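Worksheet: the structure to be examined is printed underneath.
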Amino acid sequence: MNTFETQTGFSIELIGNRLILRGEYNNLPLYESIGGTITAIAIVKTPAVEINSIADEDTKMLYGVVMRPNLNICRDTGRNGIKENCYWYFSEHTIKKLQENFKGEIKIGH
């Protein structure tokens, strides 16, 4: 296998999730994201999980992390779609449920 790290990673497009306030992180609200549906996984230049994908030149496949449990991700949207600087995280349980129900698409960029 002839592999190399790319300058891209993965991000999700999510609808129907709920945000539950769990405290603060870096003096900003910290929300746990629960439920929802992933409508797409996008190949992006700056992945929220902070890990780039790996490409295999022989198979032309990309491999990488899409979601990481309990990683605090800086966002600009809080509860009810209100614009606010905050952090979200996904529990291992929520990620497993999102993965089981994924029927979306793969696309380049958001």
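Nothing in this text is a laboratory measurement; each read-out follows from the coordinates by a stated rule. What you see is a predicted model, and the numbers here were worked out from it, not measured in a lab. Every residue, glycine as well, gets a Cβ built from its backbone with ideal geometry; the counts of neighbours run over all protein chains shown.
Observations on the model:
- Assuming charge only on the beta carbon of Lys and Arg (+1) and of Asp and Glu (-1), the dipole of the chain about its Cα centre is about 420 debye to the nearest 20.
- With the cut-off at under 18 Å, measuring from each backbone N in region 1-45 to a point 7 Å along the Cα-to-Cβ line of GLU57 picks out 1-8.
- Of all DSSP beta bridges confined to the chain, the antiparallel ones make up roughly 75%.
- If you model the chain as an ellipsoid using its alpha carbon gyration tensor, with each semi-axis the square root of five times an eigenvalue, the axes come out at 27, 15, 12 Å, biggest first.
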